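Working notes for the structure below.
The values are calculated or read from the model by the stated rules, or taken from the named source; none is laboratory data. All figures in this text were calculated on a predicted structure; none of them were measured in a lab. Positions of Cβ are backbone-derived with ideal geometry, glycine not excepted, and every protein chain shown enters the neighbour counts.
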Amino acid sequence: YCGIFLEVLAVYFMGFVLLTIGGKTKKHQYQYQKLLRRAFRFVFHFAPNDGYVVHNRELLQNKPQLIIANHQSIVDIVAIMSISPNFIVLTNDWVWNSFWMGKIIRNAGFMKIDQDLLSNTEQIKEKIQNGYSIVIFPEATRSVNCTIGPFHKGAFYLAQQLHLDIQPIVLHGTGHIVPKHSLIIRRGRIDVKILPAIQTETSPLFNHEKLLQTAKNYKNYMVEQYQLLSQEIETAKYWKQTLLHNYLYKGREVWLHAKHTMKKYNNFQDIVDLLPQQGSVFVQNCRQGEIALISALCRPNLSVYAFEKQENHWLTAQNCAGNPDNLHYVAEESVMQQCHTIISYAPTPEQIQTLYPYQTTHNIYILSDSKANIDKTKLIAETSDYKILQII
């Protein structure tokens, strides 16, 4: 963190030297943008995160174009600017006037856009003539839960009027590291996926007569690409830090137990791999909730119902602030009848007996001690610590 703080100070100092003392010439501003790119890359390299990955960098065209990206976090600007110094980001009042980023982006030549994007067309046209690509977040606001919201039509009107190709970029992970309305920086991985440039004159996505429909088409395309990227990246290991952060304020003993549990069971990845993408799953004996929470995070379209008979564990699991909407803690085991899949976590012999009637109608998996030998099961996975068995 000290290195990052010093890097920020260096950016402020170089901006003062280049642009205040040296003058705001086009040459000095471009030099400052190149400096920003190196500085932001330094931040991503030394910050306590799990990586910054740019996919398909070769698809980025070496000419001015309109770049659209989904918007999750204040970190999005940093992630975008780390790709190339030839980008000018259109920002709103909040970013323009922010304490940390405001001075930096003003020195970089970014543009503040009011409600009327069209009134800035001439300024934007001048930036394009100077060789810059224009970056716009069509949602116009950050997403609270990292989903992609409705796109406004202004960006597409701009592309139409200035005859620009559109280069979509999908950002993933920034909203998990610095969520909207949060000042806490969490560990995580940032992925930037550059998609093929789309020619506005010939693409079926671009309806020149109905720009609102064009905005919907591009939004749907971005949602599809974001989901594909999420399925590739969002493994149990990816969500581990988010899960541990959920227990951070429950006391050191609870947090250490969660950390030990995740390590012992390899983040429950073997179990997660068995779960469907949609439907419902019942977790029997969820303990502090680690197995239920990681299942819900890795399968956002799957309804996860979790039961725990020990009251202290049940209260700890239920009262975590970061529990997603698809995770439900229930007070009765009878809910398992409504679910398609059952996960039994270290069951007692009596609980195993209660599972047998469901063996023909449900997928039933048992996570048990490595020495366990349970009838009517087949081995799915095994380590020195545990077995995963399926009741057949």
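Which of the helices (runs of 4 or more DSSP H) found entirely inside segment 246-301 contain at least 1 residues meeting this: over 23 Å from the mean Cα position of the chain (by Cα) and not acidic (D, E)?
Fully inside segment 246-301 and qualifying: 252-264.
May I ask you to list the residues in segment 302-342 that are closer than 30 Å to H181 by Cα, of a type outside the set (A, V, I, L, M, F, W, C) and assigned to a loop (DSSP other than H, G, I, E, B)?
N319, G322, N323, P324, D325, N326
Within segment 178-232, take every residue that is at pLDDT below 95, charged (D, E, K, R) and exposed (fewer than 14 other Cβ atoms within 10 Å of the Cβ) and give me the one that is farthest from the chain's Cα centre (by Cα).
E209
Give me the residue from segment 20-62 that is free of Cβ contacts under 8 Å to residues at least 24 places away in the same chain and farther than 26 Å from K103 by Cβ and, out of that set, surrounded by the fewest Cβ atoms within 10 Å (Cβ to Cβ).
This residue is E58.
Mind listing whichever residues of segment 248-301 are surrounded by fewer than 24 Cβ atoms within 10 Å (Cβ to Cβ) and of a type in the set (F, W, Y)?
Residues satisfying the conditions are Y249, W255, Y265.
Residues to consider are Q241, Q318, Q310, Q277; find the one that is under 24 Å from L379 (Cα atoms) and at pLDDT below 95.
Only one candidate qualifies: Q277.
Checking the conditions here, which among V89, V135, V144 is under 25 Å from the mean Cα position of the chain (by Cα), surrounded by fewer than 17 Cβ atoms within 10 Å (Cβ to Cβ) and closer than 21 Å to G175 by Cβ?
Sole residue among the options that is under 25 Å from the mean Cα position of the chain (by Cα), surrounded by fewer than 17 Cβ atoms within 10 Å (Cβ to Cβ) and closer than 21 Å to G175 by Cβ: V144.
Within segment 53-70, which residues are β-branched (V, I, T) and either over 19 Å from the mean Cα position of the chain (by Cα) or assigned to a loop (DSSP other than H, G, I, E, B) (or both)?
Answer for segment 53-70, where residues must be β-branched (V, I, T) and either over 19 Å from the mean Cα position of the chain (by Cα) or assigned to a loop (DSSP other than H, G, I, E, B) (or both): just I67.
Would you be able to tell me the number of residues in segment 129-163 that are touching a Leu at 6+ places or on another chain (Cβ under 9 Å) and farther than 16 Å from L90 by Cα?
2
Condition check: touching a residue at least 12 places away in the same chain (Cβ under 8 Å), under 30 Å from P138 (Cα atoms) and crowded, with 17+ Cβ neighbours inside 10 Å. Does E308 satisfy that?
no
Confirm whether G175 is in contact with a Cys (Cβ under 7 Å, 6 or more places away or on another chain) and at negative phi.
It is true that G175 is in contact with a Cys (Cβ under 7 Å, 6 or more places away or on another chain) and at negative phi.
Here is a list: I104, I80. Which entry is in contact with a Phe, Trp or Tyr (Cβ under 8 Å, 6 or more places away or on another chain), modelled with pLDDT of 85 or more and buried (at least 19 other Cβ atoms within 10 Å of the Cβ)?
Step by step, each of I104, I80 is checked, and only I80 is in contact with a Phe, Trp or Tyr (Cβ under 8 Å, 6 or more places away or on another chain), modelled with pLDDT of 85 or more and buried (at least 19 other Cβ atoms within 10 Å of the Cβ).
Among L244, L275, which is the only one that is farther than 27 Å from A140 by Cβ and touching a strand residue (DSSP E or B) at 6+ places or on another chain (Cβ under 7 Å)?
Just a single option satisfies the conditions, and that option is L275.
Quick check on K240: is it more than 30 Å from I166 (Cα to Cα) and of a type in the set (D, E, K, R)?
Judged against the criteria, K240 is a match.
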